[in-house]
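This report refers to the structure that appears directly beneath it.
Bear in mind that the values in this text are calculations on the coordinates, not laboratory data. Worth saying up front: this structure is predicted, and the values here are computed from it rather than measured. Don't worry about glycine lacking a Cβ; one is built from the backbone with ideal geometry, like all the others, and counts go over all protein chains shown.
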Amino acid sequence: MTASDPGRLVADFRRRLREAAQALPPAQREPLLEQIDAHLAEALPDGADELEVRRALDDLGPPELIAAAAEVVPADRPSVPWLEVLALVFLYVGGFLVPIGGWLVGVILLAVSRRWRLSDKLLGALVWPGGLGGLFILGLVWGTISSTSCTSGTAGGATICRSTGFVAPEWLVIAGLAVLILGPLAVATRLILRLREAP
């Protein structure tokens, strides 16, 4: 491997994306290419090595899939808004498929969509980062900072349980889970309703 390999990987990815996006109308193709270029510029620090570049490109997924997700059906027949459907799927369950990367694909598709307003796009991206996969990661992190251990006493057979770390009251845990689960679902519902209103 040579020092130019990371640069060649990015150049090859961009070339494949441009080729795959040729079927898109220019008004849709150019924003998609700019969005992906901006994401790569942000995700890859100067001097990124081959492993970092491969990870960033793998997180985005195949260029052909990105271009296919952005394709629109000609307006002379009823169309299924596939770009928006894929955006919703990747936003809310993409984190389970490819941690963080799947959600990022959803954010990119959300950003390039013309059917949602800016306020809808911001809500979709910010209410709950990582989607439902992000909740799973949060649960894993929570499990590492708090734990409960129980021991049985020899005299009288009493069981003693001790908790370590931060232990929230049960009502707070239930309320927090409700907000974390219902928040993204409420935003998804709003995005779907807006999608029905869009031409």
(message) To make sure I understand, if each residue's beta carbon is the centre and we count other beta carbons within 10 Å, what order do Ser113, Ser119 fall in, fewest to most?
(response) Ser119, Ser113
(request) Send over the per residue convex hull volume for region 10-65, Cα only, as a whole number of Å³. (result) 68 Å³
(message) Quick check on the exposure proxy: order Phe13, Phe90 from fewest to most C-beta atoms within 10 angstrom.
(response) Phe13, Phe90
(message) How would Trp171, Trp116, Trp82, Trp103 line up from fewest to most surrounding beta-carbon atoms within 10 angstrom?
(response) Trp171, Trp82, Trp116, Trp103
